[in-house]
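Input: a single structure, listed below in structure tokens.
The values are calculated or read from the model by the stated rules, or taken from the named source; none is laboratory data. Nothing here was measured: the structure is a model prediction, and the numbers come from that model. All Cβ positions, even for glycine, are placed from backbone atoms using ideal geometry, and neighbour counts span all protein chains on display.
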Amino acid sequence: MNQDHLILVAKDLNIAVTQVAAAAKLLEEGATVPFIARYRKEATGTLDEVQIAKIRDDLERLKAIDDRRDAIKKSLSERNLLSADLEKSLDAADSLARLEDIYQPFKPKRRTRATAAKEKGLEALADFIFNNQEADFSEKALEFVSAEKGVANADEALAGARDIIAENISDNAEARGALRSYFEKESVLSSKVLTGKETEAAKYRDYFNWSENAQSAPSHRVLAIRRGEAEGMLIMRIVPEESGALEILRRMFVKSPSSPCGKQVEAAVEDSYKRLLSSTTETYMRLEVKKRADEEAVKIFAGNLRELLMSSPLGRKNVLAIDPGFRTGCKVVCLNRQGDLLHNDVIYIGQSDLREKEAETKIRGLCKMFEIEAVAIGNGTASRETEAFVKRLGLPSSIPIVMVNESGASIYSASEVAREEFPNFDITVRGAVSIGRRLMDPLAELVKIDPQSIGVGQYQHDVNQTLLKRTLDDVVISCVNSVGVEVNTASKQLLSYVSGLNSTTAANIIAYRNENGPFKSRKELMKVKGLGAKGFEQAAGFLRIRGGENPLDASAVHPERYSVVERMASDVGADVETLIKDASVRAKIDLNKYVDGELGMPTLKDIMQELGKPGRDPREKFEAFSFAEGVYSIEDLREGMRLPGIVTNVTAFGAFIDIGVHQDGLAHVSELADVFVRNPADVVKPQQRVSAYVLEVDMERRRIALSLKSNPQKRVRSAGEISGGARRSPSSRGSGFGRSSGSFGTPFGNSFGDAFGNAFGKSKK
């Protein structure tokens with residue numbers, strides 16, 4: 001374990017080095033982030049999951065720097081180029097960029113203009129000019145004229161010398177670092193449309209003549225422009241004022257600008273920047289701006305995904321689920337409280353009175369036959385009409401009729417997971433099952449779908465996929481383990497996200513369960529093939545066995561602490577079950593009595609909390625939601641309407657809201673609150689219920705502008721208006737990106753033009 005790394009990470013997180021060291025040691029031993037955060041609080045000083053994940057990521061980043069440093073040293077050593085001073089410089093480098101700057105002069109190079117000049121023997125002339133800037137080069141240059149070497153005259157000799165000086169400047173670590181710093185502070189991100197692409201690139205027209213400070217450019221805009229560039233529609237540049245960059249280099253290298261040699265060096269400086277340094281530093285900036293944009297976009301995606309995964313579950317109920325449809329009918333399934341498929345059917349509504357009567361009879365009969373306790377309706381095509389139909393049936397008031405976000409259901413239904421679960425049913429049945437199960441337990445069902453397919457991010461296919469996958473996996477793992485998993489009913493996919501388990505051990509748990517019946521205790525898990533002592537230690541606390549031999553198996557109390565709970569019960573003259581059920585008995589316990597060198601008060605308090613509510617679900621209690629009656633399609637909307645809605649996605653520029661018309665509307669960031677909002681996630685979150693005001697409707701492009709303000713006419717100034725913002729051509733308007741294409745058009749003002757342009761507005765199936 002590198003002590004220097006621990007110190008750096010501790011300083012960055014503003015925590016003790018001992019905390020970082022403890023977390024790092026546990027991670028090295030194979031402990032997972034949720035396990036450390038939940039069950040090793042004493043060791044880490046109660047670090048949370050975010051801090052532990054940051055320690056993990058930072059240590060990996062620092063190790064990558066060390067690995068690259070070692071590789072560079074090895075390369076230099078093999079070529080006998082590693083001097084003591086060079087090694088010292090490499091050891092002092094604190095970033096990959098700095099390492100590469102130092103290594104730059106020693107990198108094996110392809111043939112360059114400087115290489116050719118050196119082959120002509122002009123390096124000595126270059127050294128003379130650079131080191132004697134107050135001198136005159138006239139006579140010296142003539143010494144290097146040689147027909148044999150291909151130097152015809154003094155001018156050619158000087159040109160070659162300048163090429164060598166220019167390359168030496170571009171290889172200078174200090175120069176590269178200074179330019180990089182200047183680019184980082186002063187670069188302007190700009191974009192222009194490619195000549196002749198004006199019509200084809202209409203969806204990007206907001207960026208036909210765009211510029212803004214690169215450092216403050218928002219993630220969605222960077223990714224949008226990059227996408228336009230990748231599609232061959234836009235040209236993007238990230239450069240500062242050239243004069244400023246040249247001045248930095250002149251101060252570093254030009255000692256006598258008025259002398260003959262000094263003028264040659266100045267010419268070499270200008271050539272070095274324009275031909276060599278400008279492009280390489282811009283490439284660095286492009287990567288850095290993209291990296292920042294990726295991190296911002298992934299952060300938004302992760303936050304949205306967490307909110308969706310932690311949506312309120314209905315719980316174990318007998319559910320009738322409907323995947324609506326007009327032409328092919330509505331697929332109907334009946335599920336028991338464990339989510340097992342009991343029956344599937346098809347009903348037809350809106351086609352004929354006869355078919356609708358048949359549908360009424362069928363739904364009433366199924367509700368009675370399978371003792372249905374809730375109805376789930378997917379929110380795709382014909383959803384509102386189907387909802388209205390079911391509500392007309394007069395089912396008991398105890399049966400809630402719930403619209404369910406079916407985003408990703410079609411992905412699941414065609415997946416290998418679905419085929420494995422329902423090999424004898426087609427995708428329509430599988431999709432309806434997914435809708436029903438999602439109502440019962442959103443987390444358990446959504447883990448079966450690739451997070452990128454759920455539709456709660458922006459530009460997810462444009463960002464760094466490795467970063468995206470790791471971050472989203474962290475979110476899923478965190479959510480699964482915070483809720484806990486019932487081992488006797490969980491799917492393989494859900495189990496695979498439990499701390500200490502993987503797809504193989506999850507499958508082995510299912511196989512053991514199928515062969516031997518339900519697990520009776522956590523201890524029995526030790527019999528599962530491939531689940532060793534370490535895996536059991538990591539997983540056990542997150543797995544639940546309700547109705548098992550030990551009442552603690554249904555709680556988040558780790559088996560390693562069962563003996564402590566048994567001591568507590570014994571000390572107050574009760575058994576464990578009584579301790580769980582009776583708060584007055586628990587009140588007699590003095591926790592201080594059980595503190596020792598390994599077990600501290602944080603864990604003891606967690607244990608007591610669990611005993612009060614064993615296996616408590618941290619998710620909010622489920623409450624049914626209904627859209628406005630009589631508003632079923634975009635044609636039913638009128639400006640000025642105030643409608644109930646559910647936030648489906650939060651982006652950097654606003655929030656998408658389902659108001660029950662098959663097309664999400666957008667509340668731009670400037671319309672999210674009565675006060676200025678910088679970050680939409682500060683005021684809204686996915687699955688949040690809101691009251692939305694209809695500002696404008698574009699029937700042609702099927703787009704809806706919404707507001708969450710109490711008085712939508714009172715417009716809040718945008719961030720750009722307050723801070724100066726970006727620059728663009730006066731004629732530029734909104735553009736279309738992502739899943740929806742085309743531009744928003746004229747009914748919508750500029751505040752919505754850009755927003756819709758960057759949106760991937762949901763067009764439901």
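Values as computed for the structure displayed
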| read-out | value |
| --- | --- |
| Pair list, Cβ under 9 Å, 6 or more apart: the range 673-698 residue on the phi < 0 side of the Ramachandran plot, other residue modelled with pLDDT of 95 or more and hydroxyl-bearing (Ser, Thr, Tyr) | Ala692/Ser707; Tyr693/Ser707; Val694/Ser707; Leu695/Ser707 |
| Residues of the range 365-385 classified as over 10 Å from Asn318 (Cβ atoms) and touching a helix residue (DSSP H, G or I) at 6+ places or on another chain (Cβ under 7 Å), total | 4 |
| Hits in the range 23-49 - residues which are more than 16 Å from Ile477 (Cα to Cα) and buried (at least 22 other Cβ atoms within 10 Å of the Cβ) | Ala23, Thr44, Leu47 |
| Check on Ser584, outside the structural domain of Ala37 (by TED's automatic domain parsing) and surrounded by 17 or more Cβ atoms within 10 Å (Cβ to Cβ) | no |
| Within the range 258-272, tally of residues that are touching a residue at least 40 places away in the same chain (Cβ under 8 Å) and either among the aliphatic types (A, V, I, L, M) or in a helix (DSSP H, G or I) (or both) | 10 |
| Condition met for Ile102 (touching a helix residue (DSSP H, G or I) at 6+ places or on another chain (Cβ under 6 Å), in contact (Cβ under 8 Å) with a residue 24 or more places away in the chain and over 30 Å from Glu610 (Cα atoms)) | yes |
| Members of the range 210-235 found to be over 27 Å from Pro680 (Cα atoms), of a type outside the set (Val, Ile, Thr) and in a strand (DSSP E or B), listed by number | Leu234 |
| The range 548-586: number of residues that are in a loop (DSSP other than H, G, I, E, B) and under 38 Å from the mean Cα position of the chain (by Cα) | 4 |
| Residue count, the range 494-507 (criterion: surrounded by fewer than 19 Cβ atoms within 10 Å (Cβ to Cβ) and in a helix (DSSP H, G or I)) | 3 |
| Residue that is closer than 19 Å to Lys185 by Cα and at pLDDT 95 or above, where the choices are Glu241, Glu270, Glu266 | Glu241 |
| Selection status of Leu525, aliphatic (A, V, I, L, M) and within 16 Å of the chain's Cα centre (by Cα) | no |
| Residue list for the range 407-422, filter: closer than 16 Å to Pro451 by Cβ, part of a loop (DSSP other than H, G, I, E, B) and not polar (S, T, N, Q) | Gly408 |
| Which listed residue, of Ile55, Ile36, is of a type in the set (Val, Ile, Thr), under 22 Å from Thr471 (Cα atoms) and touching a residue at least 40 places away in the same chain (Cβ under 8 Å) | Ile55 |
| Filtered residue count, the range 189-208, keeping only those that are touching a strand residue (DSSP E or B) at 6+ places or on another chain (Cβ under 9 Å) and either surrounded by fewer than 18 Cβ atoms within 10 Å (Cβ to Cβ) or not aliphatic (A, V, I, L, M) (or both) | 10 |
| Residues satisfying the stated conditions in the range 545-560, i.e. within 9 Å of Pro614 (Cβ to Cβ) and surrounded by 21 or more Cβ atoms within 10 Å (Cβ to Cβ) | Pro551, Leu552, Ser555, Ala556, Val557 |
| Matching entry among Val647, Val661 (being within 30 Å of Arg221 (Cβ to Cβ), out of contact with any Gly (no Cβ under 8 Å at 6 or more places or on another chain), outside the structural domain of Arg392 (by TED's automatic domain parsing) and in a loop (DSSP other than H, G, I, E, B)) | Val661 |
